[in-house]
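Shown next, in structure tokens, is the structure this report addresses.
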Amino acid sequence: MELHLTQKQFRRLLDLVYIGNWVLNSTRGDDRIRDYDSVESHVFSYCLDHGMASLVELYNGEIIPSRAFAGGGIHEAIMAYEDVAFFEILAEELALRDLDAEKATEENYDEVMDRMEQYMGEFEAHGTDHISVDME
């Protein structure tokens, strides 16, 4: 297979590959999905021949994204996604709890969405400042 990319497209592909592998493997500890690590290593290896050597480093004989790459802002993008996902999941869980429902259905969908919007408004205005948990 041959793939033709501009320098800019290749740089964006590096971001996508890194983010994808991060999502799939960052929480797995020693149980990483090695196939994804291998693909990431292979894609990043092209940096060496395309003027982007600073974006890779050698670790245990494998080419990996460098600390410079990882520290260059990519984690801010990941964290922004995680924040949105966290608040959306929390809003949905609280809405379902309020409605005493296990999941959104055709019958309760509008109510769930209305409640979620209310919670999202609260989170946008105050983050988690007004959330409390009764510890018995």
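Values quoted throughout were computed directly from the atomic coordinates according to the rules given, and no laboratory measurement underlies them. In this text, all values refer to a predicted model and were calculated from it rather than measured experimentally. Cβ sites come from the backbone with ideal geometry, for glycine too, and all protein chains shown count toward neighbours.
Couplings 3J(HN,Hα) of region 63-80, computed from phi: 7, 10, x, 6, 4, 4, 5, 4, x, x, x, 5, 6, 5, 5, 5, 5, 4 Hz, in residue order, whole Hz [Karplus 6.51 cos²θ - 1.76 cosθ + 1.60, θ = phi - 60°; x for Gly and Pro].
Just want to confirm a number: the relative contact order over the chain, from Cα pairs under 8 angstrom separated by 6+ residues, in percent.
14 percent
Got the relative contact order for region 72-126 handy, in percent, Cα pairs under 8 Å and 6 or more residues apart? Don't skip to the end; give the middle numbers.
Numbers: 23 pairs, mean separation 21.1, N = 55.
Relative contact order comes out at 38 percent.
Ordered by the number of other Cβ atoms lying within 10 Å of each residue's own Cβ, fewest first, 79, 52 fall into the sequence 79, 52. Between residue 9 and residue 86, the contour length at 0.36 nm per residue exceeds the Cα-Cα span by 24.7 nm. Applying 1/(1 + (r/R0)^6) with R0 = 22 Å to the Cβ-Cβ distance of residue 117 and residue 93 gives a FRET efficiency near 0.90. Non-local amide H neighbours of residue 57 (under 5 Å, H modeled in plane, Pro and chain starts lacking H): which ones? So residue 57 has HN proximity to 64, 66. Spacing of the modelled spin labels on residue 1 and residue 132, each 7 Å from Cα toward Cβ, amounts to 5.5 nm. Kirkwood's formula applied to the C-alpha pairs of the chain gives a hydrodynamic radius of 18.2 angstrom. Along region 126-136 the Karplus relation, 6.51 cos²θ - 1.76 cosθ + 1.60 evaluated at θ = phi - 60°, assigns HN-Hα couplings of 10, x, 9, 4, 9, 8, 9, 10, 7, 9, 8 Hz to successive residues, with x for each Gly and Pro. Taking other C-beta atoms within 10 Å as the exposure proxy, 87, 44 rank 87, 44 from fewest upward.
Which residue fluctuates the most in the chain, going by a Gaussian network model with Cα springs under 10 Å, if the choices are 40, 57, 111? Taking springs between Cα atoms under 10 Å, the residue moving most is 111. Model label points for residue 59 and residue 101, set 7 angstrom from Cα along the Cα-to-Cβ axis, are 4.3 nm apart. Looking at region 72-126, what % of the alpha carbon pairs are farther apart than 13 Å? Counting pairs separated by more than 13 Å, the tail of P(r) holds 60 percent.
What the phi angles of region 106-112 give under the Karplus curve with 6.51, -1.76 and 1.60, with θ = phi - 60°, is a coupling list of 4, 6, 9, 4, 4, 5, 4 Hz, glycine and proline written as x. With R₀ fixed at 22 Å, the C-beta to C-beta distance from residue 79 to residue 34 puts the FRET efficiency at about 0.30.
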